[in-house]
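S.K.: Got a structure for you, written out below as structure tokens; questions coming shortly.
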Amino acid sequence: MSEPRRDEVRDLVVRVRREQIIGAATRVFAEKGFRRATTREVARAAGVSEGTIYNYFEDKDALLLAILDRLNETERRAADFQEGMATDFRDFLGRYLRRRMFLIWENREVFRVVLSEILVNAELRKRYLQHVVDPTMRIAEENFRLRMEHGEVRYMDAPLAMRSVAGAVLGVLVLGLLGDEEIGSRSDEVPDVLAGLLIHGLGAGEEDRCGK
């Protein structure tokens with residue numbers, strides 16, 4: 001078995017160190033808030049020098065963007081949708097929503113910090129849309145179009161449909177952040193209810209009207 005090349009080892013070290021810093025920033029931002037937290041505090045939590053952070057991230061905004069990227073699971077999104085094509089759409093949607101919503105809800109304190117900063121920081125918002133949201137939407141739209149071609153979902157405007165789904169997920173999560181008791185106490189049930197709404201809608205079918 002051949003030994004890993006030097007550049008492979010270097011790449012691994014870079015990924016590990018980046019994840020170490022992102023994890024520390026996630027904890028510090030969740031505890032202190034983005035504005036009050038400093039890169040020095042992040043460095044202390046990560047066990048590195050403050051200068052080391054700037055070897056991996058150009059500024060504090062870039063750190064927050066990296067946290068958003070992690071919460072969005074951007075790197076695995078294309079693979080998730082590709083694997084999902086081999087399964088029934090209803091099963092895929094339910095599993096996908098459960099994982100996505102569970103991840104964000106488990107990190108809700110930092111999600112609250114991230115969301116509040118995005119709403120007031122125009123430059124960060126622009127970077128988030130360009131580097132996280134837009135690529136994710138393109139992948140989702142392409143997958144949805146393939147589903148339409150295969151007859152799994154009805155034909156509709158793919159860009160608006162995907163943004164409506166994303167908006168529904170975000171809306172439920174924001175309600176939870178606001179302190180809604182139903183969301184807070186039954187967060188594990190929400191993905192299945194949302195998946196059912198997206199697939200079946202709110203209108204009663206024949207069986208529902210007959211009480212069967």
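No value in this document is a laboratory result; all are computed from the given coordinates. Please read all numbers here as calculations on a predicted model, not as lab measurements. Here the Cβ is made from the backbone with ideal geometry for all residues, glycine too, and neighbour counts use every protein chain on show.
S.K.: Could you work out the relative contact order of region 1-134, using alpha carbon pairs under 8 angstrom and six or more residues apart, expressed as a whole percent?
M.R.: So the answer I get is 27 percent.
S.K.: I would also like to ask the following. If I take R0 = 35 Å and measure r between the Cβ atoms of Arg35 and Asp7 in this structure, what FRET efficiency does the formula 1/(1 + (r/R0)^6) give, to the nearest 0.05?
M.R.: Once the sixth-power term is evaluated, E becomes 0.35.
S.K.: Tilt of helix 6-32 relative to the longest C-alpha principal axis of the chain, in degrees (0 to 90, nearest 10)?
M.R.: On a 0 to 90 degree scale, this one is about 80.
S.K.: Against the empirical 2.2 N^0.38 Å scaling, what ratio does the C-alpha Rg of region 1-57 come to?
M.R.: 1.36
S.K.: Right, here's the next one. Can you work out the Karplus-derived ³J(HN,Hα) for every residue in region 83-93? Use 6.51 cos²θ - 1.76 cosθ + 1.60 with θ = phi - 60°, whole Hz, and x for glycine or proline.
M.R.: Each residue of region 83-93 in turn: 5, x, 5, 8, 10, 4, 4, 5, 5, 4, 4 Hz.
S.K.: For every other residue with a beta carbon closer than 13 angstrom to the beta carbon of Glu152, add +1 if it is Lys or Arg and -1 if Asp or Glu, then tell me the sum.
M.R.: Value of the local net charge: +1.
S.K.: Quick one: 3J(HN,Hα) in Hz for region 193-200, Karplus 6.51/-1.76/1.60 with θ = phi - 60°, rounded, Gly and Pro as x.
M.R.: Whole-Hz 3J(HN,Hα) from phi for region 193-200: 5, 5, 4, x, 5, 5, 7, 9.
S.K.: Sticking with this structure for a sec: From largest to smallest, what semi-axes in whole angstrom does region 1-113 give when each is the square root of 5 times an eigenvalue of its alpha carbon gyration tensor?
M.R.: Ellipsoid semi-axes (Å, largest first): 29, 23, 9.
S.K.: For region 67-167, which trypsin sites (Lys or Arg not before Pro) pass both filters: DSSP loop (anything but H, G, I, E, B) and at most 14 other C-beta atoms within 10 Å?
M.R.: The qualifying sites are Arg154.
S.K.: Starting from the amide H of Val153, placed 1.01 Å from N in the peptide plane, find each other amide H under 5 Å away whose residue is 5 or more places distant or on another chain.
M.R.: Met148
S.K.: At 1.002 mPa s and 20 °C, plugging the Kirkwood radius over alpha-carbon pairs of region 94-212 into Stokes-Einstein gives what diffusion coefficient in µm²/s?
M.R.: Rounded, D is 132 µm²/s.
S.K.: Give a residue-ordered list of calculated ³J(HN,Hα) values for region 118-130 (Karplus: 6.51 cos²θ - 1.76 cosθ + 1.60, θ = phi - 60°; whole Hz; x for Gly, Pro).
M.R.: Listing the rounded values in order: 4, 5, 10, 9, 4, 5, 5, 4, 5, 5, 5, 5, 6 Hz.
S.K.: Would you mind computing, in nm to one decimal, how far apart the modelled labels at Val120 and His150 are, each placed 7 Å from Cα along Cα→Cβ?
M.R.: Roughly 4.5 nm, to one decimal.
S.K.: Evaluate the Kirkwood expression for the hydrodynamic radius of the chain, namely the inverse of the mean inverse distance over all pairs of different C-alpha atoms, and round to one decimal in Å.
M.R.: With all distinct Cα pairs of the chain included, I get 19.5 Å.
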